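Values quoted throughout were computed directly from the atomic coordinates according to the rules given, and no laboratory measurement underlies them. Remember, predicted model here, so these are calculated numbers, not experimental data. Backbone-built Cβ (ideal geometry, glycine too); neighbour counts: all protein chains shown.
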Amino acid sequence: MTSLGRVLIIAGSDSGGGAGIQADIKTVTALGGYAATAVTAVTVQNTLGVSGVHPIPVEIVEAQARAVLDDIGADAIKTGMLGGRAVVEATARILDSAPGVPAVIDPVMLAKGGASLLAADAVQAVKALLVPRAALLTPNAPEAEALTGLGIATTDDLRRAGEALLAAGAAAVLMKGGHVPGERVVDILMTPAGETAFEGERIETRHTHGTGCTLASACATGLAQGLPLTDAVARAWAYVHEALLHAPGFGRGHGPLDHAWPLRGRA
């Protein structure tokens, strides 16, 4: 039987509930884990897009994380929207203060509607400070392009970018293929020891808000519960697939997933 699994999430709030801290908490809970948070920003958003971002002072972000680690502890740490270089630097300090706790780094840069969620000068900080600290890095194609400078249009391009990110210090990378054209979606888990592909038919839906946050949090939950990396990613991938299929249809834009489908016995 897996352990409860404590996941500390360092990310921004999504008022629409589909992505960010809200999606992370729902995901960790649905998979039987325990979610704690350090909120980096409060966003004003819904399925139509982001209309406002209010950053939380960096000292408060760091204090939230340290309060959790000093008392409750964590079995995994997951990062999402960090916003700026100072928070990236604080996150690196937080990770260093929790040796042995695996970090799942989701290098969030853009909202689904296109709004920027990471300052330009922070991209290099993510590459220099967080990629080498990642037990698992989960970039989509545009994020991988920004981190590596490589163009990505095919699955082979995903692999080349993944190799570059492994060379930059990540222990493992989950290269997400949702932005790569084709009838099938291929995500590739890459480690220095080899790769595992996760492949399925593309689900044609506009209800994809929060898929990246959800996948990364599901992976972090598996690691927190003691699952081997490949098993944690496989369970996370299957969870997101079903959450997409059962999306409730809310909103007029990019709608949310159904994070709670396992609690309703759907399959």
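Checking region 17-24 against the condition returns a match, with at least one residue being at negative phi, touching a Ser or Thr at 6+ places or on another chain (Cβ under 7 Å) and aliphatic (A, V, I, L, M). Of all residues in region 191-201, which are closer than 17 Å to Ala238 by Cβ and either in contact with a Phe, Trp or Tyr (Cβ under 7 Å, 6 or more places away or on another chain) or in contact (Cβ under 8 Å) with a residue 24 or more places away in the chain (or both)? Thr196, Phe198, Gly200, listed by residue number. Please enumerate the residues belonging to region 47-58 that are touching an Asp or Glu at 6+ places or on another chain (Cβ under 9 Å) and assigned to a strand (DSSP E or B). Across region 47-58, the qualifying residue is only Val50.
Among the residues of region 239-265, write down those that are among the aromatic types (Phe, Trp, Tyr) and in a helix (DSSP H, G or I). Break it down into steps so the answer makes sense when it comes.
If we filter region 239-265 for residues that are among the aromatic types (Phe, Trp, Tyr), which is where we start, we get 239, 250, 261.
Selection gives Tyr239, Trp261.
Every residue in region 125-138 that is crowded, with 17+ Cβ neighbours inside 10 Å, of a type outside the set (Gly, Ala, Ser) and more than 22 Å from Thr205 (Cβ to Cβ), please. Of everything in region 125-138, those that are crowded, with 17+ Cβ neighbours inside 10 Å, of a type outside the set (Gly, Ala, Ser) and more than 22 Å from Thr205 (Cβ to Cβ) turn out to be Val126, Lys127, Leu129, Leu130, Val131, Arg133, Leu136, Leu137. Selection of region 9-46 for residues being surrounded by fewer than 24 Cβ atoms within 10 Å (Cβ to Cβ), among the hydrophobic types (A, V, I, L, M, F, W, C) and part of a helix (DSSP H, G or I) yields Ile25, Ala30.
Residues that are under 15 Å from Ser13 (Cβ atoms) and either out of contact with any helix residue (DSSP H, G or I) (no Cβ under 9 Å at 6 or more places or on another chain) or among the charged types (D, E, K, R) (or both) within region 26-56 comprise Lys26, Val42, Val44, Asn46, Val50, Ser51, Gly52, Val53, His54, listed in sequence order. Of all residues in region 123-145, those that are more than 29 Å from Pro181 (Cβ to Cβ) and part of a helix (DSSP H, G or I) total 5. Scanning region 181-213 for residues that are surrounded by 20 or more Cβ atoms within 10 Å (Cβ to Cβ), assigned to a loop (DSSP other than H, G, I, E, B) and touching a helix residue (DSSP H, G or I) at 6+ places or on another chain (Cβ under 6 Å) yields a single hit, Gly210.
Residue by residue, here is whether (1) touching a Phe, Trp or Tyr at 6+ places or on another chain (Cβ under 9 Å); (2) over 30 Å from Gly52 (Cα atoms); (3) among the hydrophobic types (A, V, I, L, M, F, W, C) holds:
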| residue | (1), (2), (3) |
| --- | --- |
| Ala90 | no, no, yes |
| Gly100 | no, yes, no |
| Val104 | no, no, yes |
| Ala120 | no, no, yes |
| Lys127 | no, no, no |
| Val131 | no, no, yes |
| Asn140 | no, no, no |
| Asp156 | no, yes, no |
| Arg184 | no, yes, no |
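Can you spot a residue in region 195-212 that is under 18 Å from the mean Cα position of the chain (by Cα) and at positive phi? Yes, because at least one residue in region 195-212 is under 18 Å from the mean Cα position of the chain (by Cα) and at positive phi. Screening region 59-110 for residues that are part of a loop (DSSP other than H, G, I, E, B) and out of contact with any strand residue (DSSP E or B) (no Cβ under 8 Å at 6 or more places or on another chain) and picking the one that is nearest to Leu174 (Cα to Cα) gives Gly100. One residue alone among Pro142, Pro99 is loosely packed, with under 15 Cβ neighbours inside 10 Å and under 16 Å from the mean Cα position of the chain (by Cα), and that residue is Pro142.
A count restricted to region 161-180 and to residues that are crowded, with 17+ Cβ neighbours inside 10 Å and either of a type in the set (Val, Ile, Thr) or over 19 Å from Ala128 (Cα atoms) (or both) stands at 4.
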